[in-house]
Amino acid sequence: MLEFLFVSILWLFKPVYFLLFSVIFSFLIFNNFSWGGLFLVLDSYSFILLIIMSLFILGIIVISEKNNNLLILSEILVFICIIFFIPSNMMMLYMFFELSMFPILVMILGYGSQIEKINSSYYLMFYAAFCSFPFLFVYFKSNFLMAFSYYNFIISWEMFFILSLSFMMKFPIYFLHLWLPKAHVEAPTTASMLLAGLLLKLGTAGFLRILGSLSFVHNNVWILIAFLGMILGAFCCVFQSDSKALAAYSSVTHMSFLLLSLVFITMSSKISSVMLMLAHGYTSTLMFYLIGEFYHTSGSRMIYFMSSFFSSSMILGILFSVVFLSNSGVPPSLSFLSEFLVISNGLLISKSMFLMIFVYFVISFYYSLFLITSSLMGKGFYNFNTWNVGFSAPLVMMMYNVFWLSVFY
């Protein structure tokens, strides 16, 4: 099992072979439930599904990206994420959590197009530093050095807040989210796809790991933060003029939704949050990919100029609308299923949650449908490379693949 992972590192400079051996590795770990040696522990299907999602995203990148250095950086990032999803102890989890910063920073600083990339990478570094050192503090105070990779001690809610800060910065939760739109706007398309599809899942998977200590804690703080993030992030989406920033803020709202789901510590909420992770990974990757295609063709990312998809390329228009509908949670997409589960859980806990969730959905449908209608209609012509867009069809299949549910139930 592990030998395929090592062989894929050997082929680091040939992206197709790296992808092939990683996919074989993912198939093998899907049938395995074990300690894989000293470092890897396969303990749950949800993390393995996240690994498969990261390999899907890497496949799209290998097909669409021309720049070899970006390809190698994204391979390194995917490898770091694979080890992050199945570590054997909290120390490794922390190390690979921080190590995932490196390829993204190199991508933004080396291949971003505007000069503001320096500012955005400062944001990224300082958010990471200020939110992650407290995690180390709690870790070393809790005095377990090589224990299993679930943090489930009885601690006070302040300590748990400090512990969850580093993961909440990677979610990103509203109020710790400022680095995300900046990084997305400055990053090249490949880095943006990886940032949305993978790096946000690092935070949520880490939060799943420390969820055991949340069960002894007042979780109303987290519910409040999640509701604030959902509604304020959706309002931020409405006022964006840059389509990449809009997609970034919609990621923030979805992740706040995911936090809301995680802090009702029921079984169904964990399942729905993992499904929301999968749905958001596939959807946001494709959103950034299609926006990047438009940007490379027309040279602009303004929503005001995103128009006339149907008169340029029919299949691009159809895929674009399908992706953004999945982003706003339209059945039969996976995101609809998971959001429906979250809403049902919330109604079981408190009836007043329905009002907040309703407000959020109204705003979120508004900006998604506005983007779809404004970009599909129009009389212009953009010379899209239609072959590039066809790569995204398998990801669309994964976005509407409701059958993941059978893995969990």
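Just the protein heavy atoms count here, and of the accessible area of the chain at 1.4 Å, carbon and sulfur take up 74 percent. Counting every alpha-carbon pair across the range 68-109, the share separated by more than 14 Å comes to 45%. Spatial offset of the range 262-330 relative to the range 104-158 amounts to 27 Å, using the alpha carbon center of each. Between the beta carbons of Ser215 and Tyr45, assuming R0 = 22 Å, the FRET efficiency works out to 0.55 to the nearest 0.05.
Modelled spin labels at Met125 and Ser156, positioned 7 Å past Cα toward Cβ, are 3.5 nm from each other.
Shape class of the range 234-409 from the Cα gyration tensor (axes a ≥ b ≥ c, square roots of the eigenvalues): prolate, since a/c reaches 1.5 or more and a/b is larger than b/c. If you take all C-alpha pairs in the range 177-236, what percent of them are over 14 Å apart? Percent of Cα pairs beyond 14 Å in the range 177-236: 70. Ranking of Leu99, Leu55, Leu12 by solvent-accessible surface, largest first: Leu99, Leu12, Leu55 (1.4 Å probe, protein heavy atoms only, all chains present). In terms of its C-alpha gyration tensor, the range 1-125 comes out oblate, because a/c is 1.5 or above while a/b does not outweigh b/c. Just Phe171, Phe153, Phe320 to compare: in a GNM of the chain, with alpha carbon springs under 10 Å, which one fluctuates most? Residue with maximal mean-square fluctuation among Phe171, Phe153, Phe320: Phe153.
Shown are Met356, Met53, whose ranking by accessible area with a 1.4 Å probe and every protein chain present, most to least, is Met356, Met53. Note on the chain: GNM, Cα springs under 10 Å; of Lys182, Lys244, Lys66, the largest mean-square fluctuation is that of Lys66. Ordering Trp404, Trp35, Trp179 by accessible surface, largest first, gives Trp35, Trp404, Trp179; the 1.4 Å probe counts only protein heavy atoms, with every chain in place. Ordering Phe96, Tyr17, Met399 by Cα displacement along the dipole of the chain toward the positive end leaves Met399 in first place; charges were set at the Cβ atoms of Lys, Arg (+1) and Asp, Glu (-1). At 7 Å along the Cα-to-beta-carbon direction for both Gln114 and Leu10, put a label point, then send me their distance in nm to one decimal. Result for the modelled spin labels: 4.5 nm. Taking square-rooted eigenvalues a ≥ b ≥ c of the alpha carbon gyration tensor, is the range 82-220 rounded, prolate or oblate, where a/c under 1.5 means rounded and, failing that, a/b exceeding b/c means prolate? Prolate, because a/c is 1.5 or more and a/b exceeds b/c.
Within the assembled protein chains, the solvent-accessible surface assigned to Tyr111 is about 70 Å², based on a 1.4 Å probe.
The length gained on full extension between Phe361 and Ile315, counted as 0.36 nm times the residue separation minus their Cα-Cα distance, comes to 13.8 nm. Taking every protein chain into account, the 1.4 Å probe leaves Phe126 with about 110 Å² of accessible area, to the nearest ten.
Taking every alpha-carbon pair within the chain, the share separated by more than 38 Å comes to 14 percent.
Using Cβ point charges alone (K and R +1, D and E -1), the dipole size of the chain about the Cα centre works out to roughly 240 debye.
Over the chain, accessible surface divided per residue gives 39 Å², non-protein components excluded, 1.4 Å probe. Cα centroid distance between the range 181-197 and the range 335-370, in Å? Each part reduced to its Cα centre gives a spacing of 27 Å. Computed per residue of the chain from DSSP H runs no shorter than four, each worth -39500 (n - 2.57), the mean residue ellipticity at 222 nm is -23000 deg cm²/dmol.
The values are calculated or read from the model by the stated rules, or taken from the named source; none is laboratory data. None of these values were measured; they are calculated from a predicted model. Quick reminder, even Gly has a Cβ in these numbers, built from the backbone with ideal geometry, and neighbours come from all protein chains shown. Calculation scope for accessible area: heavy atoms of the full protein, side chains included, ligands and nucleic acids excluded. Shrake-Rupley method; radii C 1.70, N 1.55, O 1.52, S 1.80 Å.
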